[in-house]
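> Pasting a structure here, questions to come.
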């Protein structure tokens, strides 16, 4: 017998099996090889780290001595000695003051990889490969003297993955070559053996299978020549059993084909029903969308009636009667009834006959003389009621009847259960729509009533505002000054006491620092001490003395601010004083400068006579004017960043009066604004940023002193406010 032809090697199942097995083997081999490489790399890296630790311990004394002696030249030989190791990429040394010295490639404070050049400069490494990344060994540098250790710096020795790879690259090469040789040998061996043990029996099975005739399955068997009860033999037995089952299944399939034909016909009928249900669902959705846009009951009832007539196939056009509760008439027992006069769909809203009736006279007739009533057995909830020749769609809210759509003179036999479910859904959607319409109408009435109440309240508030406007100036001024004065005086006093303690303590601290400095110089050896030690002591104590000078200057500034606050807030409203305004202006401007540090506030006192006044009130006037000027300057500087803000205060005599002028280079104002600046509650600031009372109060204070205020201003040119006070006022 001629042996069965073998398939090509590339199409053989043995080849495909080999590909699958080899794929898993290749993945496993690669994984094991990579793991071997990783372990080799990690062990070598740990050895390099141990070498860095040994180098650190070897050169630590030299680094400690160089740092302690501040001998930077001594560092270079130490760095060179450390760098000669092939495992070292760079060395970084940071002393106790944070200064960094280094050599080679390091990581700086900004976590950047840089190279240290011969001059100590840092050159960023732009094309640095992450796989060759640096790793490090850090250790502290301590100086030991008289059994006492002092930390004077920290050193870091860097190596890189590139150094580790250089050490293990030949080992990696041999590992990879070994894996490749094993893989190729396994491929060849598996292909030769599987060709003999698997491909030839399978070829015989294939040939026998190709000779099978489905019309002659009786007594058909397949025989495969193979040794033992192996997988191929089991396959042969299973295939013969399958042929027998195939013969039995053939007849069963013919029987099932007849059954499927019957089921297909049933599915066609079901598809028609589903199509109808989908149509009804679309109709309900469209009806719901249209109801949502309606705001009156009549249109809602007509729309629902049209939808009902379109869906149910009546044999002839029925008689339609529609009623709904006339809640707008104020009587819940009033109903409106109308009958569409058209005989086609859609029903015309303009061609209806309307009738108003009592709840006991609910009629659904086209002619007013006819009085058919609702069926006595009508259900007490939203839904439908079906009798012999009449269909009623009923809408209720709780137990209260809201409306009815009555379809009369119909053949009820055409109405199916699906139609009734559809009508019930329409009734519930119509109920929700009527409830929404009634709610909106109720809200509109409430809004109308509430609007009338608000108008009356507004008119009452307007009259009260006119009354309050006449008294606000005196009340706001007195209460504001009293509160601010009391609070500021108390705060200034509380700040002044601890500040005096701090001021005195700074002076004592400076004396103690000088004594400690002299004592340390004596301990170091006095006149015979090491000059470097003396220089280090002087450097340290110079910084301490600078800090105490800064603290002393700060306490002096606090004393000045507290003095100005107490002068600004003194409670002297009830009694006048005779004084010079220059001191009053200076103390007030000192307070303004603390808030507006970027504005140049200058004073020019050409004259400074004594006048009789209320100092606290005038301080408030000067404060209000100066703050407004600074805010105007800030507004302009936001538009022009190059502008330097200036505010100049001058004192001069003019026509036997003392003239105080405030001139700024801010944004200025137009004529309309200038004429309103002294009006109470007038402000150009944002809501919540100002009360509009500052200039009104200032105007009242100047009038109380017998003086006057003049204002000149122009847009983008600044403002000049001049105050005139009598020199001989009592």
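Here, each number is a calculation from the coordinates, and none is a lab measurement. Just so it is clear, the model here is predicted, and its values are computed rather than measured. Neighbour counts are summed over all protein chains in view; Cβ atoms, including those assigned to glycine, are modelled from backbone coordinates with ideal geometry.
> May I ask for the equivalent-ellipsoid semi-axes of the stretch 80-184, computed as the square root of five times each C-alpha gyration tensor eigenvalue and listed largest first in whole Å? Mind dumping the intermediate values first?
Values: eigenvalues 264, 65, 23 Å².
Here the semi-axes work out to 36, 18, 11 Å.
> Ok, one more. Counting only DSSP beta bridges with both residues in the stretch 572-726, what percent are antiparallel, rounded to the nearest 5?
80
> Let's test the formula: R0 of 51 Å, r as the Cβ-Cβ distance of residue 643 and residue 288. What FRET efficiency results, to the nearest 0.05?
Here the calculated transfer efficiency is 0.20.
> List 187, 170 from most exposed to least, where exposure is judged by having the fewest other Cβ atoms within 10 Å.
Going from sparsest to densest Cβ surroundings: 170, 187.
> Under the definition of Cα pairs under 8 Å and six or more residues apart, what whole-number percent is the relative contact order of the stretch 38-139?
The value is 18 percent.
> By how many nm would the segment from residue 37 to residue 445 grow when fully extended, if each residue of separation counts as 0.36 nm and the alpha-carbon distance is taken off?
Full extension from residue 37 to residue 445 adds 138.3 nm.
> Using the 10 angstrom Cβ neighbour count as an exposure proxy, how do 324, 596 rank, fewest first?
596, 324
> For 167, 256, 92, what ranking results if the residue with the fewest other Cβ atoms within 10 Å of its Cβ goes first?
Ascending Cβ contact count within 10 Å gives the list 256, 167, 92.
> So if each residue of separation counts as 0.36 nm, and I subtract the Cα-Cα distance between residue 76 and residue 509, what length gain in nm does that give?
The span from residue 76 to residue 509 would gain 151.7 nm if fully extended.
> Label-point separation (nm) for residue 239 and residue 413, each offset 7 Å from Cα along Cα-to-Cβ?
Between residue 239 and residue 413, the label points sit 6.9 nm apart.
> Output needed for the stretch 572-726: three equivalent-ellipsoid semi-axes, defined as square roots of 5 times the C-alpha gyration tensor eigenvalues, in descending order, whole Å. Don't jump to the answer; show the numbers that get you there.
Values: eigenvalues 124, 63, 44 Å².
They are 25, 18, 15 Å, listed largest first.
> Give me the one-decimal nm value for the distance between modelled label points at residue 206 and residue 675, 7 Å along each residue's Cα-to-Cβ direction.
Here the modelled spin labels are 10.9 nm apart.
> At 0.36 nm per residue, and after removing the present C-alpha to C-alpha distance, how many nm does the segment from residue 17 to residue 627 gain when stretched out fully?
Values: separation 610, 0.36 × 610 = 219.60 nm, distance 9.08 nm.
Extra length from residue 17 to residue 627 when fully extended: 210.5 nm.
> Where in the stretch 95-118 does the amide nitrogen come within less than 12 Å of the point 7 Å from the Cα of residue 125, taken along Cα to Cβ?
Output list for this probe position: 104-108, 112-116.
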